[in-house]
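S.K.: What follows is a single structure, and I will ask about it in a moment.
The values are calculated or read from the model by the stated rules, or taken from the named source; none is laboratory data. On a predicted model such as this, the values are computed, not experimentally measured, just so you know. All Cβ positions, even for glycine, are placed from backbone atoms using ideal geometry, and neighbour counts span all protein chains on display.
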Amino acid sequence: MDLAFSLANNFLSLLDAMAIYILIGLLIAGFLKQIIPDDFIIKHLGNGNISSVIKATILGIPLPVCSCSVIPLAQSLRKEGASKGAVQSFLISSPITGVDSILATYSFFGLFFTIYRVISSMIIAIVVGIVQNIFDKEESKKIEKEQNSCSCSCSCSSKKEKKRFSIKEVFSYAYVTLFKDMVKPLFIGLLFATLFTTLAPKEYTSLLFENQILTYFVIILFSMPLYICATASLPIAAALIIEGMSPGAAFILLSAGPATSLITMGVVYKTLGKTSLIIYLTMIAILSLIFGYLFDLFFIDINILNFSLEEQSSSLFSQVSSFIMLALMSYYLIKPWLYRKKESCCSSKDCH
């Protein structure tokens, strides 16, 4: 009974720490989706130069896409003529520094760590893109010439349709499209963090995190192949810090995890090629390790955790937000199961 109470309490504490920030972040993402034209990004990423990489990084920050929906968008950017470096920069900056992820990072780790994460992620995205374009100069020049030669015909033939603002679409995109994409990894992240903080023996976890450099490499190997959503990885990182892991190692998890997964690797390999995949993974790993080490070297004494599992009271807004988010999670997790069950019942009864 005590164990069940501890599990429920820790789960709700983690949920309470981030719920209001995720809901607000999703709402802002919904508004941004309505405000930003659909072809706005594609127009600015075609040239294989530094400016396209910087534009891809900066424009990827506020763009309302999660780690799931960024993949098809990156593929479409490439098809529209975006350089390989710009596509890679976009793949890194957009999911890691999305508006919902930034606010959720602040909810757990405070302002300083959030700023550090955003700035360093931008640097990682820009450096990876520039290195990719250096290795891809000839193809980038070819793409640029092709785009310049057809720019007139493209601009003349395409007709712009002004997007009408819809408050209904704002909420639909925020709490249906985006939230549905992140609900499974978010729930798994909360569940993993709850189990880890409740059941992991302190003596073993402290031994694991004693060797800082070894911890860095363990986290890299753990996070890169797995699909870890930018927002869903936050409670996992918070749980690991509670158990004794350094903030720098947490940064590596939050940086390398969302930008890489077996799915993303497959897309990069198929869309950009083997060399691009090697550059992408190598540079992300090296730069994540560097920035994680720098954080622990200079800011190890900063208490970054913004919450405590022992706290018993929370604001009314936090409680309401937790309830709303729990309801949304339950709905999107249970609905597919009910649908499959209904289909199986119908098929067994020969329903038409």
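S.K.: Would it be correct to say that residue 23 is buried (at least 18 other Cβ atoms within 10 Å of the Cβ) and modelled with pLDDT under 70? Explain how you work it out, then say what you get.
M.R.: On the way: buried (at least 18 other Cβ atoms within 10 Å of the Cβ): yes; modelled with pLDDT under 70: no.
For residue 23, the condition - buried (at least 18 other Cβ atoms within 10 Å of the Cβ) and modelled with pLDDT under 70 - is not met.
S.K.: Right, residue 332: closer than 26 Å to residue 195 by Cβ, modelled with pLDDT of 85 or more and part of a helix (DSSP H, G or I) or not? Working first, answer last.
M.R.: Working: closer than 26 Å to residue 195 by Cβ: yes; modelled with pLDDT of 85 or more: yes; part of a helix (DSSP H, G or I): yes.
Yes, satisfied.
S.K.: Let me ask you something else. From 48, 60, which residue is modelled with pLDDT of 70 or more and buried (at least 18 other Cβ atoms within 10 Å of the Cβ)?
M.R.: It is 60.
S.K.: Looking at residue 197 and the list (1) modelled with pLDDT under 80; (2) out of contact with any helix residue (DSSP H, G or I) (no Cβ under 9 Å at 6 or more places or on another chain), which single condition is not satisfied?
M.R.: (2)
S.K.: Kindly provide the set of residues from segment 112-137 that are within 18 Å of the chain's Cα centre (by Cα) and more than 19 Å from residue 59 (Cβ to Cβ), ordered by number.
M.R.: Hits for segment 112-137 are 113, 114, 115, 116.
S.K.: Answer yes or no as to whether residue 77 is among the hydrophobic types (A, V, I, L, M, F, W, C), modelled with pLDDT of 75 or more and outside any loop (DSSP other than H, G, I, E, B). Break it down stepwise before answering.
M.R.: Numbers: among the hydrophobic types (A, V, I, L, M, F, W, C): yes; modelled with pLDDT of 75 or more: no; outside any loop (DSSP other than H, G, I, E, B): yes.
So residue 77 fails the test.
S.K.: Something else now. Please go through segment 258-289 and pick out each residue that is surrounded by fewer than 15 Cβ atoms within 10 Å (Cβ to Cβ) and of a type outside the set (Ser, Thr, Tyr).
M.R.: Matches in segment 258-289: 262, 263, 266, 270, 273, 274, 278, 286.
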